[in-house]
Every structure is written in structure tokens, then in C-alpha cells.
Protein chains: 2
Amino acid sequence: MSVTRPLGFKAAGTTAGIKPSGKSDLCLILREGPDAPGTGSAACFTQNQILGAPVIVGRRQRERTLRGEIGPARAVLINAGNSNAATGDRGIHDAEACMAAVAAAVNCSPTAVYPSSTGVIGRLLPVEKILAKIPALTATLARGDAADHAAAAAIMTTDLVPKSAHAQADIAGHRVQIGAIAKGSGMIAPRLDCAAPTPAKGTMLAFITTDAAIDSPDLQAALNDAASLSFDRISVDNHPSCSDTVIALSSAMAPPIPGAGRGGQPMAPLRKGTPDHQAFTALLRSVCESLAEQIVVDGEGATRTFRVEVLGAASRDHAERIAREVVNSPLVKCAIHGRDPNWGRIVTAAGNAGVPLDPARMSLSIGPVEVYKAGVPIPAALADPRLSQAMAAKRVDCALRVGDGPASAWMIGCDLTAGYVSINADYTT
Amino acid sequence: MSVTRPLGFKAAGTTAGIKPSGKSDLCLILREGPDAPGTGSAACFTQNQILGAPVIVGRRQRERTLRGEIGPARAVLINAGNSNAATGDRGIHDAEACMAAVAAAVNCSPTAVYPSSTGVIGRLLPVEKILAKIPALTATLARGDAADHAAAAAIMTTDLVPKSAHAQADIAGHRVQIGAIAKGSGMIAPRLDCAAPTPAKGTMLAFITTDAAIDSPDLQAALNDAASLSFDRISVDNHPSCSDTVIALSSAMAPPIPGAGRGGQPMAPLRKGTPDHQAFTALLRSVCESLAEQIVVDGEGATRTFRVEVLGAASRDHAERIAREVVNSPLVKCAIHGRDPNWGRIVTAAGNAGVPLDPARMSLSIGPVEVYKAGVPIPAALADPRLSQAMAAKRVDCALRVGDGPASAWMIGCDLTAGYVSINADYTT
């Protein structure tokens, strides 16, 4: 129950032979029907300086859509097995050839198609294999659980499980649904251009559909807010990808709530700054949070996750930098794996964030147990059975207070295991 | 052949019972004789915001020595097994109690003793165990290989091998020697306050003795230069410690070169800005480079190392940031372990350094083989047997050109292995 659950969308997945494994590797998501008030598209991309060709093309299209030069996107073509990154001008031409083929097959403008690619870096995209499958892909576009599953499976790389989310709410007198699929397991530490003040560090992809009526700029505003508090809050390996991409499409086909007294009126487009837009943004954020947590739970080699909340910081940027430094420390990640309450690693990782800290004003809790307070250890904590329970949980929750400031931020990471090493020491060969 | 090889120094190591393993864990290095022209001390410390108590005390003493308020340090007391970090005011008092005991035993001022501690974080220092061993330690102070070995062994934590270096040169008509010991295997990514423009990220300790005549400020200048191009150029796990410390002591006892015509004159203190000071700095740097490379070769779980040189950057800071991002990427580290020429990970790691990059001006060589040029892959490279040879070398050498700028920088890292995980998932328990 994901991308084709909101009204107005179809999807399909197939096997083009890009993955050496022979698993499905090509996906198409399509909004049906013509552009109309409240049909929109929005996107967020990696801030890595080395960009996949689809990101270069996609950023350009997003800007043109937001400026009103072109209409919203209607289709997303995604391949797994090859990222079409570090491939120069040839990569751009290859992406554009695929977009043109989809546009011809579904009868839209090539600029209404977003390309997206994930997989090995620095290899030319096997365009002929992809073009050969476009007719079969468009012929199998469908709605329903089977189509949703096919789409989610075709975008996986080292993922062990497909990832999807769905939410619905009554907004502005209409029953609004949001559906989404995502992939990502390694090279995960998105720093998307939605909001991150500092440069990007995985390939995670997420594709979101909604039947809300919301035009591109208002959808972009909602996506920026939702992505910055979800995808940008996870890290598997502190290596942002050249290809991280989140794309959202709206169909404006949400039906009126029966008996709401608006007599079957089409939904009016949601406008930024209104309570209805806030309600939509909150719903979108819940979908993005679910996908983000699914990604880190399925992080390469991960057996458990941990969440670090930094409290009392001077600014959200400070809080985020500290939380990020903690979840990215290999020593902290190994301690989580070993269920070892070696909290000195957490505190010293925080000390490397480039943020001024005063140990006398710091305290750290793991689960319900305070282990460090006002700069000194609480020795009795190490004997508290609740501490070993908290360290053994599927998700270890830590709260680090750094002062009396107004700002907080959280990050979710995963443990570092021999499995991670084995997956990544033998990936291309 | 290390710290007691230069004239004027003695050392000793013993077992105080701080390490649960029962291995030796307490070391003393002492300069003999009174303060005189050309006896000096210098130090560099971590920039982590959470500081070990010995670092807090040591920074204060360094500043006072440089301002001439107190004389140079004469002794360094080092313990392994407990870092005396995150221990608040009590930690400071504990460090001072140890310094006072050494001062009384060797008849110097407490402020002429540097404390240094490495090991588990957030546990109170077992002061009584240390104080009980000071008499035995001072009674066994000696010169020669046995003393050097005892000192180097007593400062080890997860190190598999002791680390030492020695160099000599004729400078200013005198035969100058430099000897040093170091430790470090995990929590290694020093960003010392010698020069690093950005905040610190292991515990590495290094203790250097020289019989050159060089006063504290001139020794500090030489150490800043040498440490910034050696210890600050290695990373095992991108987690700078709260305790990273480099301390250098000079005895001014270097003997005249026989027949050099200065008739047995004592060596005149070396002054910053002179060719003789430059010659000394170069000798010191060679010792620091040797120790730094020994540390990364013995990195926790490491089986091989890799060196990344970034060329053509706009500034040394840019070059260094890019090189640091590459050596710290878990994905690059796993590729090195797997001998996998997956160069897309190197290029995209560079893209996360927060430095503007233009792929069209970038190229990458691994060993003698160019794999990426002007933003596009060189497909033939992957079949070149020299590439697999380079990837299988004990040290993999990569050169990444990012443009035509004047600046370059290098970093040395190590592979990420299942051994690293196992060492760190079960460290305190």
C-alpha cells in the first residue's frame, strides 16, 4: 500500500538486466491525467559536489518548474544497478534519452519526467537495455498492492527489504492520502538541499505521491520541511551519495469527505502558511520519518539502531552538528553493537563537533539512566540493570544535554558490524 | 633506541595495576640536570572540547612556560589504562597529586612535571596505585635500550607493537639526537592545536627528547610545524580523543662534532627563523612522520594503509579537508580492505568535503593507473593489471587532482575490518 494508493497514480517495475543478479531494476511511477490546479511536483537532492547525471538534470527541472517555465513533473523513471554518476556529459545525454523514451510512451513532455539512478558509480548507463524495456514497463502500469510491491522491489540495491509508507488524513474537507516507496542501505547520510546548512554526506531514494491538491511551490515548501526532519536525520555510514533524491508528485484528486457539506467540489490547492498546509506537512513528515527509520533499520550490516537527542544547545545547527558527530563515530557505533555502556565515547564524540562545550553543564542519559552529570561520571549508573537493558534494546535512546540553550535536534544511526565490512569490502567485484 | 638516546635523559616503566591485564602501565621520562640556556619544553594537545584532566593541566603549564612564568618541564609521568577524562575537578586534583609526588621524588617543581593519561574514559584515576609506585619508578630510571623499551611498553593500550623513533644530524657544529616513543591504535585522528584550522578528532601520545639546545618558544615552533605535517595527517577512525598529546623536552647537551673547530663550546640555543632551526625542524618532522605512520599501520584491526594526496587545490585547507574526507569514509576504507578499485567511493567522498569541486577538472590515479580523468571514467583502467597490483599493496597510494590550484595535502588512513569491530564492540566490558 504505497505510491498507487493515492488517487491518480500508477506504477510498474520490471527487469532490464542492469543488476548482475538478474533481479528487477527498472521502475516507473506515473501521474495520470492532464495538469490542472493543484497538480504539482517537488524534489530535494544531495549536496555532494559530485552529482549523478539524474541529479544534475533533476535540479534544473525543479528550478524551471518552480519558476513556472515548465509544468510539474508527471513521471519518474528509476533504475537500480548503475548510478549514472561520474559519467560526464555522456551521462546527461543518456539520462535525457531515457526521459525522451518515457515521454513518447506516456505522451508528455520530456521535461515532465524525472530520471533517477542508483548503483555502482563511474560506469556508463546501459541505455539500450533501458530503452528496450520502456514499452513493457508502460504496458504494465497499474494500481494496487502488486504494482506497489513491484515498484518498491525494482529500486533496491543492497537493501534486504523493500520500504514503503502510507498515511491519510482529512484536510480541507477532503480525504488526503500520501503513499511512498524508498530504498537505501549503504552510502547513507543524506544532507539534502532542503535545509541543511552544511554540505551533504548515501544513496537514498524516496518517491512520494499524494492526491492532495497542492501546486509545486507549496509542495516544495512542505517537502523541504518534512525531509529536513526525517531523511536528513539518519546516517548509516556518514558518506552522502552523489545520487540522494526525494521526489513528490501531487494529483489533486483527493475526494471530498462524504457529508462534509462541500458537495463534491474538487479540492482547492493548499497554500503555504495556512493551517491546512501545516496539516499536510505534518502528514508528509510522518511518511518521511517512517521511510527514514526503515532505511537506517536496514542499514548495511546493521543489527540495531540508536537515537541521540541533543538538548539545551544554543542553536539547532549546534544541536544537529553534535548529534551527527555522535551517530557517525565508529567507536560509538561499535559500542552500541557490543551493548557496551562506554559513554565516554559519546561525550568525546560530541566534543569533536566544532561546537564550544562546557563539560560542567553537560549530562548524558542512556535510556532512563543518567550516567554523566555536570561533567562527572555517576559511578553507580554502571551497575544499574536498567542501563544494560537500555543498551540491549532494538533501539538505544540517548539524551545528551549540553547546556540551557533553547535548541535541540536528534539523529538516528545504526551499529557498525562485521557484516558492514563484508558487504562493502566486496561490492563491485 | 629512543627517548634515552639523546644525552641528558632517563626513563623507566613499571606496573601499577591500572590495566586489568596486569601489563606495565606507568612510565616516567626525566631530563637530568638543572635548567640552563637551551633547555626547553613544548607540547601540542587535542582540540576536542571534552578534555582529559592532564590536557587541561598541561595546556595551562605550556602557556606559563611560553610566557616565562615557569621554567621548562623536566619530567613526564604517563599512565595507561585510565584516561582521567570526563572526571571533573576531581580529575584535576588527581593529576596534581601525581605531579607533586614525582616532583618530590626527583626534586623539581610540580609545574615542571607534565601528566599524561590514556585508557578508558569517565573513571576516576586510581591515584593510590600510582603514588605507591613512584618510588620504584624513580629508583629504576636509567639510560639505554632496556629503559627505552620499558617506557614504550608502559604507555600502550590496544597497540599490538611498541612505537619508537630516533634520528640524528649535525646542526650548528653539534651532533644532535632526537628520540621518541608513541602509542596509539584506536580513537586516532589527531587534530592538534599546533595548526589545525578545524576542530580536533584517538588517543595518540608521543614523547620526544632531544639533546639540542633550544629554548621553549623555539622548540614549540618546531613542534607545531612537525606535528601538523605528521600526527595531524593520520586517521584510524575519525574520532579525535580527549587526550591526544605530544610533548618534547630539550637538554642542551648535544656534544660538539669532533674537529668542528668550536673547541668544546656548549651548543648555542637554536633560534626560530635560522637555517639551523629549519634543519632541526626537518629532523623533528622525520621523527614525527615515522611515529605517525607506525600508529596508523598499527591501527585497530588494520591490515593495510592508504595514502591520499590531493593536488591542485585552491588552498592547503581545501586540500586537507578533501584528503581527510576520503581517508575517513567507511566505504573507501572497506574498498581498500577488499582490494576493490571502486574509485567512485573516493570521488564521491571528496565531494562531501564542503569544498566546491568541478568534476570536469578532476582526475584520480591509483598507483600508476589513471582511473578517472576530466570527470569521466577511463574504462580500460579497470582491466590494467597494475591497478590490481596497486590495490593489493601494503600501502595503496592514490593521487586526486581537483584543479590547477597551487595547494596540496596528504592524509594516511587504514582499512576497516571485522577486527576493528571486534576490538571496539567489547572494550570496557
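The values are calculated or read from the model by the stated rules, or taken from the named source; none is laboratory data. In this text the structure is predicted, and so the values were computed from the model without any measurement. Using ideal geometry, Cβ is built from the backbone for each residue, glycine included, and neighbour counts are taken over all protein chains shown. Remember, those area values only see protein heavy atoms, side chains included, never the ligands or the DNA or RNA. Shrake-Rupley method; radii C 1.70, N 1.55, O 1.52, S 1.80 Å.
Where both partners of a DSSP beta bridge lie in segment B:25-139, what percent of those bridges are antiparallel, to the nearest 5? Don't skip to the end; give the middle numbers.
Working: 6 of 14 bridges.
Among the beta bridges of segment B:25-139, antiparallel pairing accounts for roughly 45 percent.
Using C-alpha pairs below 8 Å separated by at least 6 residues, the relative contact order for segment B:290-429 is 43 percent.
Please state the charge dipole magnitude for segment B:221-348, taken about the Cα centre, from unit charges on C-beta atoms (+1 on K and R, -1 on D and E), reported in debye and rounded to the nearest 20.
On the way: 13 positive and 14 negative charges, 56 e Å.
My answer is approximately 280 debye.
Placing a label point 7 Å from Cα along the Cα-to-Cβ direction at A:GLY22 gives distances to the equivalent points in the other copies of 5.9 nm, listed shortest first. Hey, if you drop one equal point scatterer on each alpha-carbon of the protein assembly as shown and run the Debye formula without solvent, what base-10 log of I(q)/I(0) do you get at q = 0.05 Å⁻¹? Taken in order of the listed q values, log10 I(q)/I(0) reads -0.31.
Comment: the Cα-to-Cβ extended label point of A:PRO385, at 7 Å, lies 6.5 nm from its counterparts in the other copies, nearest first. Ligands, DNA and RNA left out, the 1.4 Å accessible surface of chain B is 54% carbon and sulfur atoms.
Each part gets one Cα centre, and for segment A:2-28 versus segment B:363-377 those centres are 34 Å apart. In loop segments of segment B:271-364 as defined by DSSP, the trypsin sites (Lys or Arg not before Pro) with at most 15 further C-beta atoms inside 10 Å of their C-beta are B:ARG271. Projecting the Cα atoms of A:GLY13, A:MET1, A:THR39 onto the charge dipole of segment A:1-89, computed from C-beta unit charges around the Cα centre, puts A:MET1 farthest toward the positive end.
For segment A:57-108, which GluC sites (Glu not before Pro) pass both filters: DSSP loop (anything but H, G, I, E, B) and at most 14 other C-beta atoms within 10 Å?
Details: sites: A:GLU63, A:GLU69, A:GLU96; in loops: A:GLU69.
The qualifying sites are A:GLU69.
Report note on the peptides A:101-114, A:232-245, A:82-95: ranked by the mean count of other C-beta atoms within 10 Å, highest first, their order is A:232-245, A:82-95, A:101-114.
One Cα centroid belongs to segment A:80-114, the other to segment B:379-429; the line between them spans 33 Å. Anything over 30 Å Cα to Cα? Flag those among A:LYS183/A:LYS394; A:LYS129/B:LYS333; B:LYS272/B:LYS394; A:LYS373/B:LYS10, in the order listed. The answer is A:LYS129/B:LYS333; B:LYS272/B:LYS394; A:LYS373/B:LYS10. Shielding of peptide B:331-342 by partners, expressed as the average count of other chain Cβ atoms within 10 Å per residue Cβ, is 6.
Per residue of A:352-361, other chain Cβ atoms within 10 Å of the residue Cβ number 5 on average.
Annotation for A:ALA314 and B:ALA97: the two label points, set 7 Å from Cα along the Cα-Cβ direction, are 3.6 nm apart. Computed packing ranks the peptides B:5-16, B:374-385, A:14-25 as B:5-16, A:14-25, B:374-385, most packed first, by mean other Cβ atoms within 10 Å. On the rotation that sends chain B to chain A, the chain B Cβ lying closest to the axis gives residue and distance in whole Å as B:ALA418, 2.
Across peptide A:411-424, the mean count of Cβ atoms from other chains lying within 10 Å of each residue's own Cβ comes to 4. For B:LYS163, the aspartates and glutamates whose Cα comes closer than 18 Å to its Cα, not counting residues fewer than 8 places off in the same chain, are B:ASP25, B:ASP145, B:ASP148, B:ASP232, B:ASP244, B:GLU289, B:GLU293, B:ASP298, B:GLU300.
The separation of segment B:139-185 from segment A:206-235, counted between C-alpha centres, amounts to 59 Å. Take B:ASP358, push a point 7 Å out from Cα through the beta-carbon direction, and compare it with the same point in every other copy: 4.7 nm, smallest first. In chain B, helical runs assigned H by DSSP with n ≥ 4 each contribute -39500 (n - 2.57); averaged across all residues and rounded to the nearest 500, the mean residue ellipticity at 222 nm is -10000 deg cm²/dmol.
How large is the charge dipole for segment B:26-124, taken about the Cα centre, if only the Cβ atoms of Lys, Arg (+1) and Asp, Glu (-1) carry charge, to the nearest 20 debye? Numbers along the way, then the final one.
Working: 9 positive and 7 negative charges, 32 e Å.
In debye, rounded to 20, segment B:26-124 gives about 160.
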